[in-house]
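First the structure, in the form of structure tokens, and then the observations on it.
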Amino acid sequence: KEEVKEEVKEEVKEEAGEEKADAEMGEEAKEAEKPKEPEKPKELEEDAPAESRPKVSLGSVGVNPADATLNVMPTMGNRLLMTLSEGGLQHLLGGVRANVGLKSGRYMIEVKIVEAHGQKEANNHDARGPQPRNLVRVGLSLAGSSLFLGDGSSCSLAFDSEGFFVSGKSRKKVGAKFARDAKVALLVNLNAGAPNGNTVSLFREGARATEPQPIPEELLGKPLFPHVVCRNVSVEVNFGPTPLAPLPFKCAMLAEAAKADIEVAPKPVARPTKEIVFPVGLPEQGYFDFVDLLLEQNPDYEELSDRKIAEWAGKSGVAKPSPGVNASMDKPDIKFGLPLMDDGSVKRVLNHVAPLSGRSFVVPELRSNLLERNRKANLKRWAGPEFKKIAVVVMGQPPAEFKQRVQGLMLAEKRSAAEAERKKKLHDEQRKKAAEAARKKAEAARKARLAKKAGAEEEVKEEEEEKEDEAKAEEPEEIVVELTEEEKELTFRKTPLCDIAESVLAKCYANFSLPTKEEGFDEVVFKWQPEAEAAKVLKDWIFAKKLTQRVEDLKPGKEFQEVWTAWTKILQEWKKLQGMWKDPAQRKTLLAKRAEAKKKAAEEKGEEVAEEKMDIDAEDLDVFGVEDVADIGNGEPLFAKFAFEDWLLLSTRFEITLLLHSFKRDLDDADRPSFTEKDLAFYYQRYFKKAFSLRAFNVEQFSDFVELLKDTVAVAGSTGFLEASLAADTPTANFVKLTEDHRRDRQRRLDAGDETAELKFPRSAPVPPPRQGAPQHGSSSRPGDRRPQSSSYSSRPGGGRESYNSSRGGGYEGSGQKRPYSSTGGGSYYGSGAKHARTSSYGGSSYSGGGGGGGG
């Protein structure tokens, strides 16, 4: 028994030992299965050999102040870059390129953030500004390319202080951030045969901060210029020869580069004085296309304009909202939602800095350059003898070279649109194919569950079909676009934005003029046509514009105010008198007062009261023979039977006549005695402070409206101007007579069975005047406009209610009446100031004007 116990103990020990050994082996196996941490790659860069070739002279390598944005201030021997940060400039990037570019070899430059500016927008607007506020980018770019690294251009690459590498439209995280006081080196290796050949790397404090990043193929073989971009920081730039933080291997700095490895940037065009060019042209006649051509032909010129500031903001990452109501090529009118970007501070500072920069500028301010006062003010900023001020006039027919360029731009636009359409179509097709492939895959999976073999054959078949589809997709059709015959005839192209907003143009075009040396220009160049022809082009353009352009700043004169006040008063008296006459009780009182007044007047003259014939039939009276429209002889007013429509037509007759004569008097421009149909609503609102609507007269066309008032207004056939048929001094009573004659004519036609003579004007609630800048003609586009109610007030010429609300609705549009009323007879009525007697449009009686009586 003791032996058996010992044997059992031994077996237990052996089993425990085996289990322990197995556990240990399992732990080792798990350890072996764990992935090992990757070893840091060995630095492949080696020490640079001693350079025996001729080197660049000491101090010749640095940043190029002439190849920098206006907000970069190189100082301390061009080794310290400071950026302007006043106002909106704190949101804009500043960029500067070196004066030498690398063609081969391996070299480094260094940057260090010396200070970071901390100013901010008020009221926490910084959250909407470009981020980060403090930024540095260091990289390479081609000569003449954009000064903003990382703007999507394929002509540059860069590392930024946020740890990203940017090349073309690609942006990826490659390292950690760096901030103030960090010594950062950009290593450029253009040795094709070296392990890290044709790459760029970033080092921080002498240690590698990123893996080598390949230089894009399109940049290889071209001189690559070191480039620094920054915002709200001051940056030290070190080109050598002594590094701030040596690298782990020997590497030459750019300041000691071999001459054979670099290319010096071309020097600016040698000009005895800096040229300041003011292009002068007409809107929508190729002005900005000419400016772009001028800048291409003169690379040393820099543009100074609002459109350039807007472009600069976009490249700096400032969110670009939709253009404003008055946006144009000349004034983009972009509101960024950042007070310091929207307050004009950027332009103000740049106008101070530009004359100090020692550069030549183009100032393409289309509106300002056409106005003598503005030209003189702009010239004062360039008053020094170091500037040559040149006005370049581009008016009339441009040369064939310019026309070819315009057609090339139109062709490029069409090609771009076609490519975008093809990409969209291809994307839609791919989306459909993906959906179809997913459907087929799901179907194949379902079949596989039922028949594995059949499913496999099906999958093979589907894969072959997909490969065929991919092969077809790899061969896109070549896009072929051509200009139409109409487009080939165009001299100037249309752009998405107008050159000058219509509301702005209306206030200033009449003062446009050609520049002269007397204004302060050193030279005036007529680029397209000689001075005499350019002057004629401008004169003809202004005259043509006067025929169609409304006067935004026209104000009603004092005489209009007096006449309008008197008319408003007498109109209310007439309406009150009509109401009294229709009320039997008030009529009795009215007639009693009338008799008492006549008796008193006779007694004062010592005469007996003459007996009056009280049974006068108003319908038998000659309208134009009535002496007093407020009393036809028996106390009855001539307008006793006026309905709503008649009062509306009466008021409109007077208002249109007063408007046309007041416009001519207040504007006092012989070239523009009137205006066209499209501007009637605008001037009506300007003078009477209420909206004009064709709907108020239940007509759709303006010609139908004129037909209703053909005794008052006409449209000139040659110019389209509205013309008043009545003289300016026409007595107010004559408007009543015309309206009554019109009413009687309609009544006769109705009695004869002509239902088209019946007028139906809608009654709508008064509409508030349109907002400033809103469309003044055509139907109003505002969602809040109130339309006339669907119900209309039907009036026959002898009845209806007498009240009339002069505030009529809406925009310039009409609808409803199937056949407009057309009066019998012809000709027009003229008042006392007319040159010739005319026959009434609504009756057979002849009337030469002049009358009027108690109402006048």
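Some values worked out for this structure:
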item: Pairs with Cβ under 6 Å, 6+ apart, first in region 589-606 and in contact (Cβ under 8 Å) with a residue 24 or more places away in the chain and open to solvent by less than 60 Å² (accessible area, probe 1.4 Å), second among the polar types (S, T, N, Q) and not in a helix (DSSP H, G or I); result: none
item: Selection count, region 261-275, where residues are under 30 Å from LEU190 (Cβ atoms), open to solvent by 60 Å² or more (accessible area, probe 1.4 Å), out of contact with any Asp or Glu (no Cβ under 8 Å at 6 or more places or on another chain) and not in a strand (DSSP E or B); result: 2
item: Condition met for LYS331 (crowded, with 16+ Cβ neighbours inside 10 Å and either closer than 23 Å to PRO385 by Cβ or of a type in the set (D, E, K, R) (or both)); result: yes
item: Only one of LYS689, LYS678, LYS710 that is out of contact with any strand residue (DSSP E or B) (no Cβ under 7 Å at 6 or more places or on another chain) and at positive phi; result: LYS689
item: Scan of region 713-737 for residues that are under 16 Å from TRP567 (Cβ atoms) and of a type in the set (A, V, I, L, M, F, W, C), ordered by number; result: ALA724, LEU726, ALA727, ALA728, ALA733, PHE735, VAL736
item: Meets criteria (within 20 Å of ALA691 (Cα to Cα), surrounded by 18 or more Cβ atoms within 10 Å (Cβ to Cβ), touching a Gly at 6+ places or on another chain (Cβ under 8 Å) and not aliphatic (A, V, I, L, M)) for ASP704; result: yes
item: Test: residue in region 328-337 that is touching an Asp or Glu at 6+ places or on another chain (Cβ under 7 Å) and closer than 24 Å to ASN134 by Cβ; result: yes
item: Test: residue in region 527-550 that is within 30 Å of GLU386 (Cα to Cα), open to solvent by 20 Å² or more (accessible area, probe 1.4 Å), among the aromatic types (Phe, Trp, Tyr) and part of a strand (DSSP E or B); result: no
item: Selection within region 205-242 - in a loop (DSSP other than H, G, I, E, B) and within 20 Å of ASN99 (Cβ to Cβ); result: LYS222, PRO223, PHE239, GLY240, PRO241, THR242
item: Selected residue (only one of ASP666, ASP671, ASP751, ASP729 is open to solvent by 40 Å² or more (accessible area, probe 1.4 Å) and either without any contact (Cβ under 8 Å) to a residue 60 or more places away in the chain or in contact with a strand residue (DSSP E or B) (Cβ under 7 Å, 6 or more places away or on another chain) (or both)); result: ASP751
item: Some residue of region 573-583 being of a type outside the set (S, T, N, Q), touching a Phe, Trp or Tyr at 6+ places or on another chain (Cβ under 6 Å) and open to solvent by 30 Å² or more (accessible area, probe 1.4 Å); result: no
item: Tabulated pairs, region 157-173, first open to solvent by 10 Å² or more (accessible area, probe 1.4 Å), second of a type in the set (Asp, Glu), C-beta under 7 angstrom, 6+ apart or interchain; result: VAL166/ASP160
item: Residue that is least open to solvent (accessible area, probe 1.4 Å), among those in region 386-441 that are more than 29 Å from the chain's Cα centre (by Cα) and among the small types (Gly, Ala, Ser); result: ALA437
item: Test: residue in region 86-102 that is within 57 Å of the chain's Cα centre (by Cα), modelled with pLDDT under 95 and open to solvent by 50 Å² or more (accessible area, probe 1.4 Å); result: yes
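The values are calculated or read from the model by the stated rules, or taken from the named source; none is laboratory data. These numbers come from a predicted model, not from an experiment. Every residue, glycine as well, gets a Cβ built from its backbone with ideal geometry; the counts of neighbours run over all protein chains shown. Protein only, heavy atoms only, side chains kept; ligands, DNA and RNA dropped before computing areas. Shrake-Rupley method; radii C 1.70, N 1.55, O 1.52, S 1.80 Å.
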